[in-house]
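Here's the structure, in structure tokens; my notes come after.
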Amino acid sequence: MKRLVMVARVMFNVMVLAVPMALAAEQAAAKASGLSMGLLGVAAAIAVGLGAIGTAWAQSRIGSAAAGAMAERPEIGGLMLVFLALPETMIILGFLVAFFVLGKI
């Protein structure tokens, strides 16, 4: 678990540093160079990738808890579906950030 947290922190730091660097590189150059476009692509990929990893991790935890809860009380199945759909907002926001970043290219 500590390794997962450490990897998540490193990926977050890379994302936090890559996006401003890519945007600053694009603004500094009058004509878009290959490097700035590449950094923007990496920033968009990191935004979507981390959102997908976070969503998968959250849904795996929620899914196993929902299966256990529904085994004891089957009437809460609909509520568990709502809880399982909530983490999808992370990947949707990741796609939104990626579209904004790619709009700079």
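The values are calculated or read from the model by the stated rules, or taken from the named source; none is laboratory data. These numbers were taken from a predicted model, which means no experiment stands behind them. Ideal geometry is used to build each Cβ from the backbone, glycine not excepted, and the neighbour counts take in all protein chains shown.
Key figures
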read-out	value
Condition broken by residue 104, with the remaining ones in (1) assigned to a helix (DSSP H, G or I); (2) surrounded by 13 or more Cβ atoms within 10 Å (Cβ to Cβ) satisfied	(1)
Tally of residues being modelled with pLDDT of 90 or more and in contact with a Ser or Thr (Cβ under 7 Å, 6 or more places away or on another chain) across segment 62-100	0
